[in-house]
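Reviewing the structure listed below.
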Amino acid sequence: MMIPTHQKGKNKAQDFDDLDPVITYRHILQTNLGIKDPLRVVALCDSDAFYAACEMVRLGVTDKPLVVLQWEGIIAVNYPARKFGISRFHKLKDAKERCPELMIVHVATYKEGDAEPGYWDNVDSRTHKVSLDYYRRESSKVFSMFKEGLPDAEIEKASIDEAFIDFTKPVRQALLQRYPYLSQIPADAPNGVDTPLPPPPLIDWGTDSHLIPIYSNADSESTDEETSQSAPLTWHDIALRLAAEMMHKVRVDIATQLGYTTSAGIARNKFLAKLCASYRKPYSQTILRNQAIPCYLKPLEFQKIRFLGGKLGQALAKEYDVSTVADLLPVPLEEFQAKFGESAIWVYEILRGIDRSEVKEKSPVNKSMLAAKALQKPITKIDDGPHWIRVLAAELSLRLNDARKERPNLWPKTLALHAGHGYGTARSKQAPFPFTKEVTVNVIAAAGGKLWKELVGNVTGTIKVTYISLGFTGIEATDASQQSIASFLDSPAVTGVKRPNEEKNGKPSKSRHRNTQRVRSRPSSPSADQNTTSFTCLECHKTLSLSPKLLSTSDVLGQAYALAAMKDEHSDFHFAESVAREMEPEVKEVRGPHKKVKTPKIQEKEIGPRGIEKFFNRT
Ligand code: DCP
Ligand code: CA
């Protein structure tokens, strides 16, 4: 449908009417305005040709054309190679034809039997496993430099090589420092704190940033960007300029210290920062002044805007038979909402350069996990502590492993044990949580058991514990993937060799508690057979096999990993089963800090991995 002519320009007064908001003393003095802050400044900083740059740093290459391959496909192209017209979408053969001296680096892979990923001449997806760990580690180094260089900014990692940086806070500090008169409301200010700030001083835009032109007739290829900036200065422009200085310094530091060039976009929100970051890639930064927003947005093909590239963009293009942002501006909000639903307000606003999303440092779902137990029958003997610790460990193990299904590299920094009489007199001990292959019940229980010994070690006589809790704190995404893969490559399922004894993994070799005997007799590994696709449990004599689907879709290493995980899960099931049997039937209540959780009575015949999971799961 074409846009009716009578509608064109209908909403003109509302388009881009917020580009020069009145900024008052309140705005400069108040610090918690969030996304409503008229002095808000956000940047998006993205590494140039990141994987290729990582390989260049590793190989000590400076300006040779280079591509990174993953199996047959090109996944990164450095800028010297882009000069030959090579892009990610080219086949390797075409790329080599365009540039015969092209350096080709295949990403690192794990090879069967090796604990470390490496760079090999002949890689085969059936026997090798891609490792992106090196890029992740380099990415963390870049990210750490943002954090160190900009301690007062909010930083959100947006992808392996991009971060959003909210400069609002450090910029406000810099504004007040550089223009101290802004903090003094003049005695004759007519509206007190709501009086507009005095006109901003003239500033030099400097040479560290490109400026997006304000006028549509300006030649965007022109290097004389200053001449296309003749709109009156605002305090927001000053804020952008200050952010640009800070951004530039960090980018230069990253390039000098780590060897990675980056490109940044600086604007009033995330959407616009991202949009202008690639304006003059590589190794550049770009400022989008508020006054330049209409000129920059209007000619854009809206389907090139992130999130409008997919079905929504197609639907808009089909509905209105148009392609640019300017074409869609006459469509009233109500019409968008009637046709595309309430949330179409997001589209309406994005087309006008409005984005209300915040820059937020991403944190794991839960930074801590607590399993706790109020004991109707208090613990009076020191030897009875480990029993409850194992019960709590079973819950923690399930919960952490559940969370790790979403984020496999989650790792808790600390394990803490609290024990008390009532809620008021708790004693606690905590210790760093050891890094092991899998967070099994046994691993947690062993660490918890040590804490218990420390906690009650100097107690003489009887004890009376009516409340006990075991918790993880500091759960964060770590670079654990490499270590877990390294250990599974070592596992008997892969090597056919018996796993080193449990003490090596931090698991106890002896315990006074009766459960431990059961657990130690479990066929954790190896099992009765050394088959690489199935195993027979010595305890229940069941044979468990990998599913045909998994066998047909995963390589030998994937299968080994799945089998090792299956064994651990199965032996943990036996362990949890034994703990469940020994719990007093009437005291099956696990209390979290806020919730009371009842665990259903367990039925022997129902026991299976699901049954156990249900048993320990919150209901
Ligand atoms: N990547 C990938 N597969 C894709 C896209 C990207 O493996 N389809 C990887 C390789 C890239 C890295 O992610 O180096 C970052 O992606 P970018 O889209 O930011 O691309 P580059 O950093 O390579 O190039 P640019 O300079 O354009 O940002
Ligand atoms: Ca990039």
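Summary of computed values
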read-out	value
Leu69 vs. criteria part of a strand (DSSP E or B), closer than 30 Å to Thr234 by Cβ and within 15 Å of ligand 1 (Cβ to nearest atom)	no
Hits in segment 258-292 (condition: more than 12 Å from ligand 2 (Cβ to nearest atom) and assigned to a helix (DSSP H, G or I))	Leu258, Lys270, Phe271, Leu272, Ala273, Leu275, Cys276, Asn290, Gln291, Ala292
Residue that is modelled with the highest pLDDT [pool: residues in segment 456-480 that are farther than 17 Å from Ala403 by Cα and small (Gly, Ala, Ser)]	Ser469
Candidates Leu392, Leu351, Leu370 - the one that is touching a Pro at 6+ places or on another chain (Cβ under 7 Å) and surrounded by 17 or more Cβ atoms within 10 Å (Cβ to Cβ)	Leu370
Search result, residues across segment 88-102 that are assigned to a loop (DSSP other than H, G, I, E, B) and over 20 Å from Tyr135 (Cα atoms)	Phe89, His90, Cys99, Pro100, Glu101, Leu102
Ile104 within 16 Å of ligand 2 (Cβ to nearest atom) and closer than 29 Å to Thr127 by Cβ	no
Odd one out for Asp63, checked against (1) at pLDDT 95 or above; (2) within 16 Å of ligand 1 (Cβ to nearest atom); (3) within 25 Å of Ala264 (Cα to Cα)	(1)
Candidate set from segment 145-180 (those that are in a helix (DSSP H, G or I) and free of Cβ contacts under 8 Å to residues at least 24 places away in the same chain); member that is farthest from ligand 1 (Cβ to nearest atom)	Pro180
Some residue of segment 429-436 being modelled with pLDDT of 85 or more, surrounded by fewer than 19 Cβ atoms within 10 Å (Cβ to Cβ) and aliphatic (A, V, I, L, M)	yes
Residue match in segment 381-404 (condition: of a type in the set (D, E, K, R), in a strand (DSSP E or B) and either touching a strand residue (DSSP E or B) at 6+ places or on another chain (Cβ under 9 Å) or at pLDDT 80 or above (or both))	no
Residue tally, condition part of a loop (DSSP other than H, G, I, E, B) and at pLDDT 90 or above, over segment 315-344	7
Test result for Arg126, surrounded by fewer than 19 Cβ atoms within 10 Å (Cβ to Cβ), assigned to a helix (DSSP H, G or I) and modelled with pLDDT under 95	no
Leu92, sole failed condition from (1) touching a Leu at 6+ places or on another chain (Cβ under 9 Å); (2) farther than 24 Å from Ser139 by Cα; (3) within 14 Å of ligand 1 (Cβ to nearest atom)	(3)
Test for Tyr135: is it surrounded by fewer than 17 Cβ atoms within 10 Å (Cβ to Cβ), in contact with a helix residue (DSSP H, G or I) (Cβ under 9 Å, 6 or more places away or on another chain) and of a type in the set (Phe, Trp, Tyr)	no
Conditions (1) more than 16 Å from ligand 2 (Cβ to nearest atom); (2) part of a strand (DSSP E or B); (3) under 30 Å from Ile287 (Cβ atoms): number failed by Ile35	(2)
Single residue of Tyr296, Tyr279 found to be farther than 23 Å from Asp18 by Cα, in contact (Cβ under 8 Å) with a residue 24 or more places away in the chain and among the hydroxyl-bearing types (Ser, Thr, Tyr)	Tyr279
Count of residues meeting criterion [crowded, with 19+ Cβ neighbours inside 10 Å, hydrophobic (A, V, I, L, M, F, W, C) and more than 20 Å from Arg58 (Cα to Cα)] in segment 69-98	2
Residue check for Ala189: more than 16 Å from Gly34 (Cβ to Cβ) and part of a helix (DSSP H, G or I)	no
Lone qualifier among Thr286, Thr261 - being surrounded by 15 or more Cβ atoms within 10 Å (Cβ to Cβ), of a type in the set (Ser, Thr, Tyr) and under 30 Å from Ala477 (Cα atoms)	Thr261
The lone exception for Gln70 - which of (1) touching a residue at least 24 places away in the same chain (Cβ under 8 Å); (2) within 28 Å of Ile266 (Cα to Cα) it fails	(2)
Output for segment 72-89, where each listed residue is near ligand 1 (Cβ under 10 Å from one of its atoms) and charged (D, E, K, R)	Arg82, Arg88
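Yes/no per residue for (1) under 24 Å from Ser159 (Cβ atoms); (2) within 16 Å of ligand 2 (Cβ to nearest atom); (3) outside the structural domain of Glu154 (by TED's automatic domain parsing); (4) touching a residue at least 12 places away in the same chain (Cβ under 8 Å):
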position: Pro21; (1), (2), (3), (4): no, no, no, yes
position: Thr24; (1), (2), (3), (4): no, no, no, yes
position: Leu29; (1), (2), (3), (4): no, no, no, yes
position: Val42; (1), (2), (3), (4): yes, no, no, yes
position: Met56; (1), (2), (3), (4): yes, yes, yes, yes
position: Thr62; (1), (2), (3), (4): no, no, yes, no
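The values are calculated or read from the model by the stated rules, or taken from the named source; none is laboratory data. Everything quoted here is computed from the prediction, not taken from an experiment. All Cβ positions, glycine included, derive from the backbone under ideal geometry; neighbour counts span all protein chains shown.
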